[in-house]
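Input: a single structure, listed below in structure tokens.
Just so it is clear, none of the values below were taken in a lab; they were calculated from the coordinates. These figures come from a predicted structure and were not determined experimentally. Glycine gets a Cβ as well: all are built from the backbone with ideal geometry, and neighbour counts include every protein chain shown.
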Amino acid sequence: MMGFPNVPTLSYDVVVIGGGPAGMAAAIKAKELGLKVLLLDENDYLGGILPQCIHPGFGIHYFGEELTGPEFASRLAKKLVELGVEYRTSARILEIRNYSDLEKFVLFTSPSGLYGVWARAVIYAAGARERHAFEIGIVGDRVSGIYTAGEAQTLMDIYGVLPGKEIVIVGSGDVGLIMARRFALEGAKVKAVIELMHYPGGLARNVMILRDFGIPLYLGHKVVEVRGKGRVKKVKVVRIDENLRETGEEFWIEADTLVISVGLVPAVKKLKKIGVEIDPATGGPVVNDRLETSVPGVFVAGNSLLINDLVDYVAEQGEMAAEGAKEFIENGGIESRRWTRVEKGENIRLVVPHYLSGERDVYLYLRVSKPMEDVELRIPEIGKRLKLPVVKPAEMIRLKLKEEEIRGAGKLTVEVVRP
Amino acid sequence: MRKTYRFTCIVCPLGCSIEVEVEDGKVLEVRGHTCPRGKEWAIQEVTSPKRVVMTVLPVENGALPTVSVKTAEPVPKEKIPELMRFLASLKLKAPIKIGDVVTEWKGVKIVVTRGA
């Protein structure tokens, strides 16, 4: 066949790219559905980011009990091994090629050399990347001591190295808040958490960490400059008005470490290369209710699909993608007589999946643009109404729709409005 | 003296806004919770707050340089610094399995959540 004559080639029904919760759940499901599956991960251990997320709070929906990240990962890994799912760690994907609907080729490097895999379907679950300081306009000296929250977490909770003694955290998202607790617990001084928006970015239970440790939270502020010689010495903070413009009111905080926690972006570069259509709102692919992208036979799950706040939903998406891959391989494609488009109405920032078949029940994952209280989530076309006491951009909403609710609708507009 | 404590429930990801009415150290009323666990937690939060504590401990000859651990049960908030000082003195040797109890501190089991 086409391609790489000197590269040893393997052949599977489905290749899963990424060994985090989405990828492991997908590979387990695919195996249970009778598919020949190979899972690839670039790290030298399975679990993705879970092994470094040592705090509790995982698995309440998926396993029905509260676990830490490593425990959640280890349950999936154990099941994967028990089922005899083939996997390779330290396997870095170089390229995905889409030769035809049922002919995908994945090229990867590994400690034993370069390999190619032929597969009929690909499940892409490679997670997300963190936004870094240069993406939020922080200028100044090029010094050591600037980390993303995930980097700091790897340093601390995998390698046991405290990244600094006096720390300023940019962004009040979950990872930033969780790291604030870890720094404080391990004896570092967290001098401030600086948040651009006028409300906190993380889940409520994580915002509470700040009160536990007496860490000041500056809402409506941003870090604009870093100064130091060799190492961070101080950072400049400015106040922001309601329209997110700088007010000129500014002050310096002395610190040796700056931790950037300003959100994740789905890591979809390799999907873009094969023409996968991207939704600018999620940063991830446009998908149907099988989590299939615009390239037939290429499925996506977890933080590569959209940024999730609960790992439980990430694993659920992995299973959905595996079911999609099964149907795709058996039928030679995902069939639907007509796709129902899901559209964003008032106060909806993003909603996934984008197209529904009406031939199966589906979970919609959505986020609002701004916080509101005492609202209704509505889909006027089908008369769906759901009362919600509080909605926040930080907290993803998951809504189940039954196939009979979807069937026949030309489009569905999701909106969050005051009744 | 009557006092109202307002906070966000952290029992589950729902994050209910709970209000607890307290007079002279006695809980009069709990509002805003949606489950009994939330109510129980809110009462404890104003009378004697507790937290599960997690950290990493250095390990010799492991696949990774540390194992992660947690307390098997929540511990009183004001005892956390003391517990952390105790944990900072520990050094472990591989092999260590997930679920192993590496030590106890004042009757609280320290459980391994990531082995090495």
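Observations, loosely collected:
- The alpha-carbon atoms of the range A:88-215, seen along their principal axes, cover 56, 32, 31 angstrom, with the largest extent given first.
- Alpha-carbon radius of gyration plus Dmax, which is the widest Cα pair, for the range A:254-351 in Å: 16.0, 62
- Applying 1/(1 + (r/R0)^6) with R0 = 60 Å to the Cβ-Cβ distance of A:ARG418 and A:ARG142 gives a FRET efficiency near 0.80.
- For the range A:262-323, the residue among A:ALA301, A:GLY275, A:VAL286 whose Cα projects farthest onto the positive side of the dipole built from Cβ charges is A:GLY275.
- Working from label points 7 Å from Cα in the Cα-to-Cβ sense, the B:GLU104 to A:LYS384 distance is 5.2 nm.
- FRET efficiency for the pair A:GLU404 and A:PHE251, taken as 1/(1 + (r/R0)^6) with r the Cβ-Cβ distance and R0 = 51 Å, rounds to 0.30.
- For B:LYS91, a cut-off of 21 angstrom between C-alpha atoms picks up these lysines, skipping any fewer than 8 places away in its own chain: B:LYS70, B:LYS106, B:LYS109.
- Along chain B, longest interval not containing exposed trypsin sites (Lys or Arg not before Pro), exposed being DSSP loop plus at most 14 other Cβ atoms within 10 Å: B:1-90
- Reciprocal mean inverse distance between Cα atoms of the range A:355-409 - Kirkwood radius, Å: 12.2
- Per-residue Karplus couplings for the range B:19-25, computed as 6.51 cos²θ - 1.76 cosθ + 1.60 with θ equal to phi - 60°, are listed in order as 10, 10, 8, 10, 10, 6, x Hz, Gly and Pro entered as x.
- Candidate cross-link partners of A:LYS269 among the lysines, defined by an alpha-carbon separation under 20 Å and a same-chain spacing of 8 or more, comprise A:LYS104.
- Across all Cα atoms of the protein assembly as shown, the radius of gyration (one decimal) and Dmax (whole number) stand at 24.0, 82 Å.
- The reciprocal of the average 1/r between distinct C-alpha atoms defines the Kirkwood hydrodynamic radius, which for the range A:1-121 equals 15.1 Å.
- Normalised by the number of residues in chain A, the mean separation of alpha-carbon contacts (under 8 Å, six or more apart) gives a relative contact order of 15 percent.
- Of the chymotrypsin sites (Phe, Trp or Tyr not before Pro) found in the range A:101-177, those that fall in a DSSP loop while having at most 14 other beta-carbon atoms within 10 Å are A:TYR159.
- Amide H contacts of A:ASP279 (H built 1.01 Å from N, in plane; Pro and chain starts excluded): A:GLY284, A:VAL286 sit under 5 Å, all sequence-distant by 5 or more or on other chains.
- The antiparallel fraction among DSSP beta bridges confined to the protein assembly as shown stands at about 65%.
- Note: relative contact order over the range B:23-116, using C-alpha pairs below 8 Å and six or more positions apart, is 27 percent.
- A:LYS229 versus A:VAL7: modelled label distance in nm, points set 7 Å from Cα along the beta carbon direction: 5.1
- Within a straight-line Cα-Cα reach of under 19 Å, A:LYS411 can be paired with the following lysines, leaving aside sequence neighbours fewer than 8 residues apart in one chain: A:LYS344, A:LYS384, A:LYS400, A:LYS402.
- Per-residue ³J(HN,Hα) for the range A:7-13, Karplus 6.51 cos²θ - 1.76 cosθ + 1.60, θ = phi - 60°, Hz, x for Gly and Pro: 9, x, 10, 10, 9, 9, 5
- Dipole of the protein assembly as shown computed with +1 at Lys/Arg Cβ and -1 at Asp/Glu Cβ about the Cα centre; of A:LEU38, A:LEU244, A:ALA119, farthest Cα towards the positive end is A:LEU244.
- Neighbour-limited loop hits for trypsin sites (Lys or Arg not before Pro), the range A:300-397 (at most 15 other Cβ within 10 Å; DSSP other than H, G, I, E, B): A:ARG337, A:ARG338
- Trypsin sites (Lys or Arg not before Pro) within the range A:153-199: DSSP coil, no more than 13 neighbouring Cβ in 10 Å: A:LYS165
- 3J(HN,Hα) from dihedral phi, the range A:274-291, Karplus parametrisation 6.51/-1.76/1.60, rounded to Hz, x for glycine, proline: 9, x, 5, 6, 10, 8, x, 6, 9, x, x, x, 6, 9, 9, 6, 9, 6
- Only alpha carbons enter this Debye calculation for chain B, each as an equal point scatterer, and the log10 of I(q)/I(0) it gives at q = 0.11, 0.20, 0.22, 0.23 Å⁻¹ is -0.49, -0.98, -1.08, -1.14.
- Longest exposed-site-free window of chain A, the sites being GluC sites (Glu not before Pro) in a DSSP loop that have at most 12 other C-beta atoms within 10 Å: A:66-241
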